[in-house]
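The values are calculated or read from the model by the stated rules, or taken from the named source; none is laboratory data. Note that the structure is a prediction, hence the values are computed from the model and not measured. Here the Cβ positions follow ideal geometry from the backbone for every residue, glycine too, while neighbour counts run over all protein chains shown. Keep in mind that these areas ignore ligands, DNA and RNA; they rest on the heavy atoms of the full protein, side chains included. Shrake-Rupley method; radii C 1.70, N 1.55, O 1.52, S 1.80 Å.
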Amino acid sequence: MIQLRPIYVICMREFIKFFREKSRLLGTLARPVLWLFVVGNGMGSLIRPRAGFSYIQFIFPGMIGMTILFSSIFSSISIVWDREFGFMKEMLVAPISRLSIVIGKTLSGTLISVAQAVIILVFIPFLGIHLTIRQFFEVVAVSMLVSFCITSLGILIAARLTSFDGFNIIMNFLVMPMLFLSGAMYPVTSMPPALRHLTLINPLTYGIDALKHILLRNGTPPLGPEFPLLLDLFIVAVISVVMLTFAALSFRRKE
Amino acid sequence: MSIITVNNLTKKFKSLTAVDGISFAVNEGEVFGFLGPNGAGKTTTINILCTLLSPSSGRAEIAGFDCAKDPDQVRTSIGLIFQDTTLDVGLTAYENLKFHAYLYNLDRRLAEKRIDEMLAVVELQTRKHDLVKNFSGGMKRRLEIARGLLHYPRVLFLDEPTIGLDPQTRNTIWDFINTLRSKEKITVFMTTHYMEEAENCGRIAIIDHGRIIALDTPAKLKQMVHGDVIHVITTDNQRALAEIQKTFSLAAREENGGLVLETEKGDEFIPKLLHSLTMQTLSVSLKKPTLNDVFLKLTGRTIRDDVVADSKEVTREFVRSHRRAQR
């Protein structure tokens, strides 16, 4: 069922294209710069630092989460592009299983997101956050889990999206709400109850909280982690498995 | 020996029957064509044969493998060139071919060897490391053919292989396919709605509304239309009609402000005709029968939509390039 060479070459294709498209790399860097230094500094003047962390430091884990969110969704939506421009047929008529295609797409989407998350870490020196080697690897590990989860979600959506016209709907009604209701920019506990409930069903919330555990180590709520780390990791892992299962199933049916 | 066997194949989409109980067999090494207007069921049949669709009923076999039950065996035995390009334009020619080689599980050294071999066949060796987005339509098609042959399939499927290409490129592609056939032992199954293209086939199945209405060699099919078609315009068509009926006992019919008559050896008939007519002749033209006439004879219609289909293709191309630019 699972064929390694096709999975390898599906991943290679995504990597080649990612590094070839300079605008995508540039976008990876530009968006967090805007949020961190423009919004972060603007909002930061309203919010005084607590427990040794400033607002701009508080939103940094959220920016890693945001980068992963956009990158993972973009990677998996490439399935819709492939379908629209015919390349999907090349894969579908090849003697490989649908599962191999799903795994190849998930793996490449995950790894590209992690790469982008790591690129964001170059801003660390400007934020006054201290990062040890150990913390670095912890960030990479958590990013990988979160990327995997969001990519699986994206593939589930892509399998059901018949044309590219649905992309804007996904952006406005899923991706942006996921970003704003994730604790990336404001603490979950201080939200009004209705919004808080929505935030609690968002996997990104727990992913970002896990990153806060690593990057804002001694922080306390509101400008710090709000849930236990193990709970964060557990929830993200469970949601990932559920998403990927559904993604694989609906892909098989759809195609 | 037949390499493709299709038996009473039917495909229904809700209320529409796209393919309606067709049966045929294709011999190994043959160039077999499906000719018919758009929407006749050509692409649906190809999609069933290449395992993208499952039939509603009936059976299709390629190289002895059932298309519905043994898709992976069938897929390894076939190469496909689709109507719309399925290349990744963001990759180079080499990368597209390598992708294909790995999907078909060719090992690395063999893949490199075949890639060079196939690029030479389609005369794209010098463009090996160029991005496909910089290729012309004809080059893209050639690259797709190279890709379709990379895993040495036994049957090559060409779905409207030259649609949207200019006539010159169309000819080049055909020269190329014919050369290829003389070198490799390969069966070609193609669909087209271009008459001239269908002439390249050894045998043609004419398909309309999901049914095969005729199946034979192009020459035999053309014999179904009795002889050549002569179009003549005179100063008095009505009287000419009567005279032709009387002298040659031929039933002419009025069309386009002139008379149309079918006869054998039209080139020898024209002098006799001109000699016998008592009124002045304004113009005479002779047309050898084409497959279009065969289609007209069988269905009472010409293969329609030619112009519409081409303009649709242009629109589609425009939308694609436009979207790509936005990306």
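Remarks
- Look at where the Cα atoms of the stretch B:26-77 and of the stretch A:90-125 average out, and the two centres are 33 Å apart.
- Cross-linked pairs B:Lys42/B:Lys98; A:Lys105/B:Lys128; A:Lys105/B:Lys98; B:Lys98/B:Lys133: Cα-Cα separations exceed 22 Å for B:Lys42/B:Lys98; A:Lys105/B:Lys128.
- Note on B:Lys69: aspartates and glutamates with a C-alpha under 14 Å away, same-chain residues under 8 apart excluded, are B:Glu61.
- Along its first, second and third principal axes, ordered by size, the stretch A:163-255 spans 49, 26, 23 Å in Cα coordinates.
- Contour excess over end-to-end distance, with Cα ends at B:Asp236 and B:Asn8 and 0.36 nm allotted per residue: 76.8 nm
- Surface listing: B:Thr17, B:Thr302, B:Thr10 arranged by accessible area from highest to lowest gives B:Thr302, B:Thr17, B:Thr10, probe 1.4 Å.
- Two-site label geometry, A:Val242 and A:Phe180: point separation in nm, points 7 Å out along Cα→Cβ: 2.4 nm
- Rounded to the nearest Hz, the phi-derived 3J(HN,Hα) couplings of the stretch A:128-134 under the Karplus curve 6.51 cos²θ - 1.76 cosθ + 1.60 (θ = phi - 60°) are x, 9, 8, 10, 8, 4, 4, where x marks glycine and proline.
- For A:Val140 and A:Leu229, the FRET efficiency from 1/(1 + (r/R0)^6), where r spans their Cβ atoms and R0 equals 22 Å, is about 0.90.
- Cα gyration tensor shape of the stretch A:1-149, rounded if a/c is under 1.5, else prolate or oblate by comparing a/b with b/c: prolate
- Taking B:Gln280, B:Gln83, B:Gln223 in turn, the Gaussian network model of chain B (Cα-Cα springs below 10 Å) assigns the largest fluctuation to B:Gln280.
- Which of A:Trp35, A:Trp81 is most accessible, then next, and so on - probe 1.4 Å: A:Trp35, A:Trp81
- The fraction of Cα-Cα pairs per 10 angstrom bin, counted from 0 for the stretch B:1-151, comes to 11, 34, 31, 20, 4, 0 percent, rounded to whole percents.
- Springs between Cα atoms under 10 Å define the GNM used for chain B, and in it the highest mean-square fluctuation of B:Leu273, B:Leu52, B:Leu35 occurs at B:Leu273.
- Across the accessible surface of the stretch B:3-109, with the other protein chains kept in place and a 1.4 Å probe, carbon and sulfur atoms take up 44 percent.
- Amide H within-cut-off set for B:Asn27, under 5 Å, with H built and near neighbours excluded: B:Ile3
- Helix A:4-20 vs. chain A, principal-axis angle (Cα, 0 to 90°, nearest 10): 60 degrees
- With R₀ fixed at 25 Å, the C-beta to C-beta distance from B:Lys69 to A:Leu249 puts the FRET efficiency at about 0.70.
- Using only alpha carbons, the protein assembly as shown has a radius of gyration to Kirkwood radius ratio (Rg to Rh) of 1.14.
- Scaled radius of gyration (Cα, divided by 2.2 N^0.38 Å) that the stretch B:114-210 gives: 1.11
- Whole-Å semi-axes of the ellipsoid equivalent to chain B (Cα gyration tensor, √5λ, descending): 43, 23, 19
- For chain A, taking Cα atoms only, Rg and Dmax work out to 18.4, 60 Å respectively.
- For the stretch A:151-191, the fraction of alpha-carbon pairs lying more than 12 Å apart is 65 percent, rounded to a whole number.
- When you restrict to C-alpha pairs under 8 Å that are six or more residues apart and normalise by the size of chain B, the relative contact order lands at 19 percent.
- Cα centre as origin, Lys/Arg/Asp/Glu Cβ charges: the stretch B:44-154 dipole, Debye: 160 debye
- Mean Cα-pair separation over length for the stretch A:1-133, i.e. relative contact order, pairs under 8 Å, 6 or more apart, %: 41 percent
- The phi torsions of the stretch A:41-47, fed into the Karplus equation with coefficients 6.51, -1.76 and 1.60 and a -60° offset, translate into couplings of 6, x, 5, x, 6, 8, 10 Hz, rounded to whole numbers, with Gly and Pro shown as x.
- Applying the criteria of a DSSP loop state and at most 11 other Cβ atoms within 10 Å to the trypsin sites (Lys or Arg not before Pro) of the stretch B:126-199 yields B:Lys185.
- Taking the alpha carbon gyration tensor of the stretch B:159-223, multiplying each eigenvalue by 5 and rooting it gives semi-axes of 21, 15, 11 Å, largest first.
- Among A:Ile16, A:Ile170, A:Ile235, the residue with the largest mean-square fluctuation in a Gaussian network model of chain A, with springs joining Cα atoms closer than 10 Å, is A:Ile16.
- In degrees, nearest ten, helix A:55-84 long axis to first principal axis of chain A (Cα): 10 degrees
- For B:Phe189, distant residues with modelled amide H under 5 Å away: B:Phe32, B:Leu156, B:Phe157, B:Leu158
- Straight-line reach from A:Lys22: taking Cα to Cα under 18 Å and skipping same-chain neighbours fewer than 8 places apart, the aspartates and glutamates in range are A:Glu14, B:Asp88, B:Asp130.
- Fraction of accessible area attributable to carbon and sulfur, chain A (%, probe 1.4 Å): 73 percent
- Our coupling estimate for the stretch B:199-206, obtained by passing each phi through the Karplus curve with A = 6.51, B = -1.76, C = 1.60 and θ = phi - 60°, is 4, 6, 7, x, 9, 10, 9, 8 Hz, Gly and Pro reported as x.
- For a label point 7 Å along the Cα-to-beta-carbon line of B:Ser283, residues of the stretch B:239-273 with backbone N under 17 Å: B:254-261
- Rounded to the nearest 10 degrees, the inclination of helix B:93-103 to the longest alpha-carbon principal axis of chain B is 70 degrees.
- Distance histogram for the stretch A:71-114 (every C-alpha pair counted, 5 angstrom bins, percent rounded to whole numbers): 5, 23, 28, 26, 14, 4, 0
- Residue-averaged 222 nm ellipticity for chain A, from DSSP H runs of 4+ at -39500 (n - 2.57), nearest 500: -23000 deg cm²/dmol
- Taking the three principal axes of the alpha carbon atoms in the stretch B:193-300, the coordinate ranges are 47, 26, 22 Å, sorted in descending order.
- Distance in nm between pseudo-label sites at A:Leu99 and B:Arg301 (7 Å out along the Cβ direction from Cα): 4.6 nm
- Antiparallel %, DSSP beta bridges [both residues in the protein assembly as shown], to 5: 65 percent
- Net dipole in debye of the protein assembly as shown [+1 Lys, Arg Cβ; -1 Asp, Glu Cβ; about Cα centre; nearest 20]: 1700 debye
- Neighbourhood net charge (12 Å Cβ-Cβ; Lys/Arg +1, Asp/Glu -1) for A:Cys11: +3
- Sequence-distant residues sharing a close amide H with B:Arg211 (under 5 Å, placed H): B:Asp20
- Area hidden from solvent between B and A (accessible, protein heavy atoms only, 1.4 Å, total, Å²): 2800 Å²
- For B:96-102, mean number of other protein chain Cβ atoms within 10 Å: 5
- Using every pair of distinct Cα positions in the stretch B:36-107, the Kirkwood expression returns a hydrodynamic radius of 14.0 angstrom.
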